[in-house]
Amino acid sequence: MILENAKILIGDDSILARKQLKDVILSQGSPTFFEASNGQEAIDVYKKESPDLVFLDIVMPVKDGNAAIREIREYDPTADIVIVSSVGTQSQLKAAIEAGAKDFIQKPMNADQVKRVLHTRFERG
Amino acid sequence: MYAQFFGNFLLSRNIVTCDQLIQAMKKKSTEHMKLGTLAIHASYMTAKEVDEIYIEQTHQDKRFGELAIKDGYLTKAQVTELLKDQGPDYLLLGQVLVEEGIIDNEQLQSLIIEYQSANELDDFVDYSEETQESIQHLVENFFVATERPLSAFEVSFLQLLFNNLIRFIGDDFTPVYPYPCTEYPTNYCVSQQILGEFSIKIFIDMTKSTAIEFASRYVGDTFDEFDEYVQSSIEDFLNLHNGLFNVNISNEHSVELNLTPPEREMTELLSFNNEGYLLPIVFPFGTIHFILVVTTSR
């Protein structure tokens with residue numbers, strides 16, 4: 001997997017969740033990480049860094065994940081955003097997909113799900 | 001879940017001291033045979049299949065047997081057989097207390113009869129609707145002291161809370177009878193609100209040393225100091241529990257609820273109206289206090 005040149009943004013208000021996700025990704029390679037602790041920060045970082053992949057929580061202070069997805073996708077319609085959330089109701093999923101999320105990982109995060117997301121995007125060849 | 005309530009039953013009747021109960025719950029926890037382990041032993045499931053079900057259980061509030069049948073790993077008859085082998089976990093707690101010389105077999109026998117009849121429990125625990133009902137009944141009985149009837153949503157919320165404590169922290173706890181609470185002096189306290197057809201504000205509070213142990217169990221790592229990861233893990237647990245509750249309510253009742261982000265409570269003394277009640281959960285490493293404030297917004 002080619003993660004070395006990849007830029008990954010993790011937006012979650014939980015520092016623990018950000019660390020756990022980073023640890024799983026680091027087991028697969030060493031991309032450049034950017035972090036945000038609320039939806040607005042995630043939007044700001046996205047606009048500045050244009051990451052290849054974004055992991056976003058839904059329930060966050062200042063601006064929630066779905067609002068952040070909408071703004072990011074408005075800025076960049078090709079943005080690749082994966083929701084990582086404990087709130088996996090059908091309506092939340094629908095709202096996230098409508099906003100432009102491409103995948104969903106339910107918390108507590110399972111390492112295999114994250115690896116699958118990485119493999120489908122960064123697999124060599 | 002029965003053993004935790006049986007522990008409280010023994011404590012409230014002064015059959016055991018708090019210390020004796022904590023030690024016995026700890027020992028019971030190490031001796032408790034999980035259904036997955038029994039399924040591997042019987043060659044009904046592989047370790048990988050068992051692990052898959054454990055992961056599924058962290059995403060949906062269903063019993064091991066129920067999920068194993070749904071996924072085609074076990075038949076109903078096999079689950080029944082394994083549950084019979086496992087036996088009710090409160091019997092194991094009773095056995096530990098007998099082994100420790102705290103009660104004798106005769107006492108245990110009469111305590112079990114008393115406990116079963118007070119909670120309308122049968123000897124045999126299975127995964128049927130009846131068992132589900134008896135767990136609900138157990139939760140309702142337990143909350144009689146709060147002097148307010150629990151709504152069906154509150155019973156679901158509390159049942160899930162006990163299940164999540166077992167799944168993510170450990171089964172060696174004893175819930176102490178909850179009571180109405182108008183004021184509460186905080187230690188490290190985090191709150192989160194569920195909003196929608198009804199509203200629940202839940203607070204979780206514990207001392208810093210308890211928080212370090214709580215986080216170590218929750219994350220499956222060892223923390224030595226009260227750092228930002230320890231603090232974050234308490235918020236994370238609360239957020240996870242409430243998120244799973246919203247999923248349950250959405251799936252079972254088609255009711256959509258929202259969550260606010262978890263927040264640290266900075267005030268030293270929390271004040272509540274009459275709706276608040278305090279639920280202490282005693283673990284060997286310390287006591288976790290939950291405060292629930294339930295209001296209906298209709």
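The values are calculated or read from the model by the stated rules, or taken from the named source; none is laboratory data. Fair warning: this is a prediction, and the values are worked out from it, not measured in the lab. Note that each Cβ is placed from the backbone with ideal geometry, even for glycine, and that neighbours are counted across all protein chains shown. Calculation scope for accessible area: heavy atoms of the full protein, side chains included, ligands and nucleic acids excluded. Shrake-Rupley method; radii C 1.70, N 1.55, O 1.52, S 1.80 Å.
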Scanning segment B:20-39 for residues that are of a type in the set (S, T, N, Q) and over 15 Å from B:Ile103 (Cα atoms), the one surrounded by the fewest Cβ atoms within 10 Å (Cβ to Cβ) turns out to be B:Thr30
Practice prompt. Output yes when any residue across segment B:167-184 is modelled with pLDDT of 95 or more and open to solvent by 60 Å² or more (accessible area, probe 1.4 Å), and no when none is.
Written response: no
Those residues of segment B:250-298 that are in contact with a helix residue (DSSP H, G or I) (Cβ under 7 Å, 6 or more places away or on another chain), under 26 Å from A:Ala17 (Cα atoms) and facing another protein chain (nearest Cβ under 10 Å) come to a total of 5
Residue hits (segment A:61-74; open to solvent by 10 Å² or more (accessible area, probe 1.4 Å) and either more than 14 Å from chain B (Cβ to nearest Cβ) or not in a helix (DSSP H, G or I) (or both)) are A:Pro61, A:Val62, A:Lys63, A:Asp64, A:Arg70, A:Glu71, A:Arg73, A:Glu74
Considering segment B:40-92, residues that are outside any helix (DSSP H, G or I) and buried (at least 16 other Cβ atoms within 10 Å of the Cβ), and then whichever is nearest to the other protein chains (Cβ to nearest Cβ), we arrive at B:Asp61
Inside segment A:70-95, the number of residues satisfying the requirement of being more than 15 Å from the chain's Cα centre (by Cα) and among the basic types (Lys, Arg) is 1
The residue that is nearest to the other protein chains (Cβ to nearest Cβ), considering only those in segment A:75-97 that are of a type outside the set (Gly, Ala, Ser) and assigned to a helix (DSSP H, G or I), is A:Gln90
Taking segment B:163-202 and keeping residues out of contact with any Phe, Trp or Tyr (no Cβ under 8 Å at 6 or more places or on another chain), of a type in the set (Gly, Ala, Ser) and assigned to a loop (DSSP other than H, G, I, E, B) leaves B:Gly196
Yes or no: segment B:203-220 includes at least one residue that is of a type outside the set (Asp, Glu), within 11 Å of chain A (Cβ to nearest Cβ) and assigned to a loop (DSSP other than H, G, I, E, B).
yes
Being in contact (Cβ under 8 Å) with a residue 40 or more places away in the chain and either of a type in the set (A, V, I, L, M) or open to solvent by less than 40 Å² (accessible area, probe 1.4 Å) (or both) narrows A:Val54, A:Val87 down to just A:Val54
The condition from (1) modelled with pLDDT of 95 or more; (2) over 18 Å from B:Leu259 (Cβ atoms); (3) open to solvent by less than 30 Å² (accessible area, probe 1.4 Å); (4) out of contact with any helix residue (DSSP H, G or I) (no Cβ under 6 Å at 6 or more places or on another chain) that B:Phe203 misses is numbered (2)
Could we say that A:Asp13 is under 22 Å from B:Gln231 (Cα atoms) and surrounded by fewer than 18 Cβ atoms within 10 Å (Cβ to Cβ) here? no
Looking across segment A:98-125 at residues that are surrounded by 15 or more Cβ atoms within 10 Å (Cβ to Cβ) and free of Cβ contacts under 8 Å to residues at least 12 places away in the same chain, the single one that is nearest to the other protein chains (Cβ to nearest Cβ) is A:Asn110
Given (1) among the hydrophobic types (A, V, I, L, M, F, W, C); (2) modelled with pLDDT under 90; (3) open to solvent by 10 Å² or more (accessible area, probe 1.4 Å), B:Ala3 misses just (3)
Log entry, pairs with first residue in segment A:27-51 being in contact (Cβ under 8 Å) with a residue 60 or more places away in the chain, second being open to solvent by 40 Å² or more (accessible area, probe 1.4 Å), beta carbons closer than 9 Å, six or more apart or on different chains, reads A:Ser27/A:Lys115; A:Gln28/A:Met1; A:Gln28/A:Lys115; A:Gln28/A:His119; A:Gly29/A:Met1; A:Gly29/A:Ile2; A:Gly29/A:Glu4
